[in-house]
Amino acid sequence: MPVSGTEAENLKKKIDEQGEKVRQLKTAKAPESEVKKEVDTLLSLKTQYKDLTGEDLAGGGRKDKKDKKKEKKPAEKKEEAKAEDASKDGKKVTRLGLEAKKEENLSEWYSQIITKAEMIEYYDVSGCYILRPWSYAIWESIKEFFDREIKKIGVENTYFPMFVSHQALEREKTHIADFAPEVAWVTRSGKSELAEPIAIRPTSETVMYPSYAKWIKSHRDLPLKLNQWCNVVRWEFKHPQPFLRTREFLWQEGHTAFSTAQEAEEEVYVILELYARVYEELLAIPVVRGRKTEKEKFAGGDFTTTVEAYISASGRAIQGATSHHLGQNFSKMFEICIQDQETLEKQYVYQNSWGLTTRTIGVMCMIHGDNKGLVLPPNVASVQVIIVPCGITANLSKKDEQELMDKCEALKKELLAVDIRARTDLRDNYSPGWKFNHWELKGVPIRVELGPRDIKQNQLVAVRRDTAEKLTLKNQNIGQQLNDLLKNIQDSLFNKAKSDLDSYMIVSHEWGHFCDSLDNKKIIQAPFCGDEDCEDKIKKDSARDAVVEEGAPSMGAKSLCIPFKQPETLKPGTKCINPACKRDAKFFTLFGRSY
């Protein structure tokens, strides 16, 4: 597929060089651990190339023509042998399932699961991806829940243009500085250069707040609570990963204004709890609620709150969603003010902003997926029950076959009537076994198997996607039985992820233990002074020799949040976890490697 030429070529060059390095080490019979380290780096680079281009890259390193000729014939014979084996029984062989294991090669597993389960399709602009209906339906579920909840607290939806003038961006230099390297600019219309370049929004504070200044003139105009569902563009130069780190993504961004700081701060926590509910109630993912450190807070804000999720397969945390209190910083910049009711003096309003993105979908895939494919939480699955007819043999009469199909359709209608999202798979060009694998890969929570014998015995077989457990259920009150099973699956997924989080989140008071725990995929609550320079040093000194792909998640320990629920009371005189720091700790901070 077409890709951004320079990026792909540079990455291909690195793969060539790394491949040559591996061969030289093997030729020199270097220690196995050293060879393994370089091989891991090579595999990571290849995975990065696939994420960027959507294509597998065979080999690595330059080979002379003689070597290529020598290798070509055996490879061809091998492929011929495979083809012969596949055609012996006359059946078509498809590469339906996953070929990478989650515990062995997470990046390749993730790349396969999101494409083979029909979540995304690669696109010819690097870092941008097509959201297929299977994944977009999950976003719709999130959107439906969150939209309903924010409307209960008086938030209204709106839409602002995606283009930002250079002048508007310049008005808040401190805020936009963090986004500056990622801002995409439109500089040309047809063949004509624009008089002034126009930015595509990386976020919308500078787009929306000039209008807020026009609309808010009195305390009667407050509170103003607006939200927009839209896309934003951040031209990331780091390693792109579908859903997790992309150049364009979908999100909602809320922007609210209040007359008092207390009202604004109260809303920050209300919204954060809604984000926690998206993860915990819809996606079955436990999160840690907390406040960002001064270094990690939103640029231009007073403070930032966050929900953080943990992916045990990679040993890394990921920011789930953030709710910011902006104080009066933006209102002063954009002159959003009212007249104080008592003093009659000019008073700047207090503002918040908050956002949730399609990153949620990637986090869900990473946490619940297994080596058979996706495992969808029932609350966001667009298909909760898939009905597959079985037992269709040459001896089955056409009448009985039609009766079976009719029963499948009748069961679907019965389930739809009790708000279970059900679908039948009546395709006659695929075997039941193929269909089982297909819907397992796509993560449907329950598979119902229905055959002629089941019809006679007034029953069906339900198979759980999360545990593969088979249950024989009588047809009486089947809607309630399956609804109960879906709830059980939702709870089981959450409890499993919660157990994972609890076992990997630890407390540390000693630097050596901190670093060892980090290398063992832990996220660590440690006493911290809160100083920004100290935070940088912790990240740098804890990096050690971790091998990750270039541009991938941070190797050192990054501060994730200051948990609202502190693990223990800090004893007087407790020092910061950084051994070079002599300051007293102010609170326990959650550290870990992060996306």
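The values are calculated or read from the model by the stated rules, or taken from the named source; none is laboratory data. All of these numbers come straight from a predicted model, not from anything done at the bench. In this analysis, Cβ positions are derived from the backbone assuming ideal geometry, glycine residues included, and neighbour counts consider all displayed protein chains. In case anyone asks, the SASA skips ligands and DNA or RNA and just uses the protein heavy atoms, side chains included. Shrake-Rupley method; radii C 1.70, N 1.55, O 1.52, S 1.80 Å.
Listed values for the range 480-495 are Karplus-derived 3J(HN,Hα) couplings in whole Hz (6.51 cos²θ - 1.76 cosθ + 1.60, θ = phi - 60°), namely 5, 4, 6, 4, 5, 5, 4, 5, 5, 5, 4, 5, 5, 4, 5, 5, and x replaces Gly and Pro. In the complete set of protein chains, residue-level accessible area for residue 101 is approximately 90 Å², probe 1.4 angstrom. Only Cα pairs under 8 Å and at least 6 apart count here; give the relative contact order of the range 398-507 as a rounded whole percent. Over the range 398-507, the number comes to 19 percent. Please return the longest range in the chain lying between exposed loop sites, taking GluC sites (Glu not before Pro), DSSP loop only, at most 15 other beta-carbon atoms within 10 Å, and leaving the sites out. My reading of the result: 119-293 is the longest stretch.
What is the range 158-312 by shape, rounded, prolate or oblate, if you read a ≥ b ≥ c off the alpha carbon gyration tensor as root eigenvalues and call it rounded for a/c under 1.5, prolate for a/b larger than b/c, and oblate otherwise? Oblate, because a/c is 1.5 or more while a/b does not exceed b/c.
How much of the accessible area of the range 94-198, in percent, comes from carbon and sulfur atoms when a 1.4 Å probe is used?
Answer for the range 94-198 is 50 percent, counting heavy atoms of protein chains only.
Backbone phi angles across the range 573-587, fed through the Karplus curve with coefficients 6.51, -1.76 and 1.60 (θ = phi - 60°), yield HN-Hα couplings of x, 5, 8, 4, 4, 5, x, 7, 8, 9, 7, 6, 6, 9, 6 Hz in residue order; Gly and Pro are listed as x.
If you add up the charges near residue 316, with Lys and Arg at +1 and Asp and Glu at -1, over every other residue whose beta carbon is less than 12 angstrom from its beta carbon, what do you get?
Spelling it out: positives minus negatives among the neighbours equals +3.
Annotation: per residue accessible area for the chain equals 49 Å², rounded to a whole number [probe 1.4 Å, protein chains only]. Any idea what the relative contact order of the range 104-228 is, in percent, if you count C-alpha pairs under 8 Å spaced at least 6 apart? Relative contact order of the range 104-228: 23 percent. Axis angle, to the nearest 10 degrees, between helix 432-441 and the longest C-alpha principal axis of the chain: 10 degrees. Close amide-amide hydrogen proximity is noted between residue 320 and 307, 308, 309, each under 5 Å apart and 5 or more residues distant or on a separate chain (H modeled in the peptide plane; Pro and chain starts excluded).
Computed from Cα positions, the angle between helix 205-215 and the longest principal axis of the chain comes to roughly 50 degrees.
Ligands, DNA and RNA left out, the 1.4 Å accessible surface of the range 211-299 is 49% carbon and sulfur atoms. Dividing the mean sequence gap of close Cα pairs (under 8 Å, 6+ apart) by how many residues the chain holds gives a relative contact order of 12 percent.
Determine the alpha carbon to alpha carbon distance for each of 29/540; 295/537; 37/102; 522/558 and list only those over 21 Å. Where the Cα-Cα span goes over 21 Å, the pairs concerned are 29/540. Just the protein heavy atoms count here, and of the accessible area of the range 336-403 at 1.4 Å, carbon and sulfur take up 45 percent. A viscosity of 0.692 mPa s and a temperature of 37 °C, combined with the Kirkwood radius over C-alpha pairs in the Stokes-Einstein formula, give the chain a diffusion coefficient of 120 µm²/s. Annotation note: chymotrypsin sites (Phe, Trp or Tyr not before Pro) in the range 112-194 located in DSSP loop regions with a Cβ neighbour count of at most 14 within 10 Å are 159. Applied to the range 189-198, the Karplus parametrisation 6.51 cos²θ - 1.76 cosθ + 1.60 on θ = phi - 60° returns per-residue 3J(HN,Hα) values of 10, x, 9, 9, 6, 6, 4, 9, x, 10 Hz, with x for Gly and Pro. By the beta carbon rule, with partners counted only under 4.7 Å, the chain holds these lone Cys residues: 128, 230, 337, 365, 390, 408, 515, 534, 561.
Given the DSSP H assignment, sum -39500 (n - 2.57) over each helix run of at least 4 residues in the chain and divide by its residue total; what's the result at 222 nm in deg cm²/dmol, nearest 500?
-12500 deg cm²/dmol
For residue 561, the amide hydrogen comes within under 5 Å of the amide hydrogens of 590, counting only partners 5 or more places away or on other chains and with H modelled in the peptide plane.
Under a Cβ-Cβ cut-off of 12 Å, what is the net charge of the residues other than residue 406 that fall near it, where Lys and Arg count +1 and Asp and Glu count -1? With Lys, Arg at +1 and Asp, Glu at -1, the net is 0.
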